[in-house]
1. Just the Kirkwood number for the chain, please: inverse of mean 1/r across all distinct Cα pairs, in Å, one decimal.
2. Would you list ASP238, ASP217 from fewest to most Cβ contacts within 10 Å?
3. Calculated FRET efficiency, ALA34 and VAL223, Cβ-Cβ r, R0 35 Å, to nearest 0.05?
4. Take the cross-link list LYS28/LYS200; LYS9/LYS200; LYS9/LYS178; LYS87/LYS110; LYS87/LYS133 and give me the ones stretching past 26 Å between alpha-carbons.
5. Subtracting the Cα-Cα distance from 0.36 nm times the residue separation, let me have the gained length for GLN16 to ARG127 in nm, one decimal.
6. For a quick check: sort TYR240, TYR122, TYR33 by the number of other beta carbons within 10 angstrom, fewest at the front.
7. If R0 is 41 Å, what FRET efficiency do you get for LYS178 and ALA253 from their C-beta distance, rounded to 0.05?
8. Any idea what the relative contact order of the chain is, in percent, if you count C-alpha pairs under 8 Å spaced at least 6 apart?
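Read-outs: derived from the displayed coordinates by stated rules, not from any lab. Remember, it's a predicted structure, so these values are computed and weren't measured experimentally. Using ideal geometry, Cβ is built from the backbone for each residue, glycine included, and neighbour counts are taken over all protein chains shown.
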Amino acid sequence: MINDKAVGKWVNHLEQIVGNAAKTIANKHGFLYAVMASLAAAGTIPTNPCENTNLPRVDQAEMVFLEEDEFDALIHEIPKRWRIFVKFLVASGARFGEVSALQVGDIDRKRNTGRIRRAWKYTGGERVIGRPKTKRSNRTIDLAAELIAELPLAGRPREAWLFTNDSGGPVHITTFYKQVWAPAIERLLAAAGDPLDGKKPRIHDLRHTCASWMLCDNVPLHVVQRHLGHESITTTSDRYGHLDRRSGAVAAAVIGAKLSHGPKPKPALAVVEGRGAA
């Protein structure tokens, strides 16, 4: 019988015996939760035994921001066939599942924009095409004309995948990571002079790098929010607000201006007419 105790033991088994990561456990539990919720709604079982499961804490992976010279070092280690794909990831700030789901018709060469309206998702272990992560993730982003000029657009039908694997199908993140990304990072880490300054970027860190480049060059926070497709500007601020130093610089300038004048002289005592010095 599956009850809350059985689910708890199963979660402990996944963590302590199988060695699954907290996020993997959360994904597996989420699938079971959905199944149990359907059975409970149909009256097959009285309640959902996954309702109050204590799950391992999912720690947010530390973000890595690449400097321009570090990205240049990275892009030169990426095989030429994949360089435009990696450049598009950092320029768009889009998620891998969004970029790999783009079609030729999503790129507007006249307006220099890209339309993000679909993304790859995993359902029951299968990769399926669906809507982007949130409502705001369905968006149009501005792209540099020079970048669009490099895209494989000429002579291709609108419904063709913008970026493809060697078989002509959409790019799969697992294959790309194993065959392209990981080997490039390993070569950089083994190179003399440490081109990445000790950093070990993930593919998703290209999205963080996009945000950091924009904010460090004074792009307003709300523009970055729309470009990345965050549902709320609070999300953008919480994740990247520390990179936007403009408000802090203004505050520092205000205090600095006050300090630069030094102490004000005390006002001179007025001499009262008719009274001499004592």
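1. On the way: mean 1/r = 0.0433 Å⁻¹.
Its Kirkwood hydrodynamic radius stands at 23.1 Å.
2. ASP217, ASP238
3. Values: r = 36 Å, r/R0 = 1.04.
My answer for the efficiency is 0.45.
4. Beyond 26 Å between Cα atoms: LYS28/LYS200; LYS9/LYS200; LYS9/LYS178.
5. Working: separation 111, 0.36 × 111 = 39.96 nm, distance 2.81 nm.
Working it through step by step, the gained length comes to 37.1 nm.
6. Least to most surrounded, the residues fall as TYR122, TYR33, TYR240.
7. On the way: r = 49 Å, r/R0 = 1.21.
Between LYS178 and ALA253 the formula returns 0.25.
8. 18
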